[in-house]
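Working notes, structure below.
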Amino acid sequence: MAISNMQDVADVYDPEGEVSLTGFRASLATYAVTVSGLAFALRISGRALPEHYSAQDLAVGGLAVHKFSRLLTKGSVTSPLRAPFTEFQAPSGPAEHHEEVRGTHGIRHTIGELVTCPFCLGVWIGTGYVAALVIAPRPTRAWAAVFGVIGIADFLQHVYCRLRTT
């Protein structure tokens, strides 16, 4: 069977229409445009991407991006940011919520998928972090230090609770 257009691709890939391919295509396009815009802005500002990044920037940044994306996508305190795109289901751990995405297709659903997935949002935050290291390295490292410290502290809180209950 020959696939002649995007609708045919969607029909073959997902005959039941359960996956919002149109929304995900729009999300990918938005990401590509954002990265292209960042690259263009760096180029016209005369700034270049570094040849390499320090292991410390990558390690602290990785920890910070993990913590920040987890906070934005699961944190109870950040639930008002997700509420237009999600529905609360239940608590899912210390200071975290389990939420379901509203709707099945469309922009609201696509944004809901993004703001409830720490892996998905982490790509965006990580991209911002790497770009910010070039644009404003000192405040970027300060941001990474704050969320890196919070990530380590949260991990230790979990370890402490485990040790107390065993």
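Cys residues of the chain that find no other Cys beta carbon under 4.7 Å: 161. In the distance distribution for the chain, Cα-Cα pairs more than 19 Å apart total 66 percent. Taking θ as phi - 60° and the Karplus parameters 6.51, -1.76 and 1.60, the scalar couplings of region 22-29 work out to 4, x, 5, 4, 5, 5, 4, 5 Hz in sequence order, x denoting glycine and proline. Remark: region 119-125, residue by residue, has Karplus-estimated 3J(HN,Hα) of 5, 5, 5, x, 4, 5, 5 Hz, where x stands for each Gly or Pro and the curve is 6.51 cos²θ - 1.76 cosθ + 1.60 at θ = phi - 60°.
Database remark: amide H of residue 105 closer than 5 angstrom to no amide H (H placed geometrically; neighbours at sequence offset of 5 or more, or on other chains; Pro and chain starts carry no H). For residue 98, the residues whose modelled amide H falls within less than 5 Å of its own, excluding neighbours fewer than 5 places apart on the same chain, are 89, 90, 92. Close amide-amide hydrogen proximity is noted between residue 86 and 102, each under 5 Å apart and 5 or more residues distant or on a separate chain (H modeled in the peptide plane; Pro and chain starts excluded). Every helix of 4 or more DSSP H residues in the chain counts as -39500 (n - 2.57), and over all residues that averages to -22500 deg cm²/dmol at 222 nm. For region 62-108, the direction-averaged projected area of the alpha-carbon convex hull comes to 3.8 nm². Phi angles across region 53-69 convert, under the Karplus curve 6.51 cos²θ - 1.76 cosθ + 1.60 with θ = phi - 60°, into 3J(HN,Hα) values of 10, 6, 4, 5, 4, 5, 5, 5, x, x, 5, 5, 5, 4, 5, 5, 5 Hz, Gly and Pro given as x.
Bear in mind these aren't lab numbers, they're just calculated from the coordinates by the rules spelled out. Quick caveat: nothing in here was measured; it's all calculated off a predicted structure. When we count neighbours, we look across all protein chains shown, and the Cβ atoms used for this are built from the backbone with ideal geometry, even at glycine.
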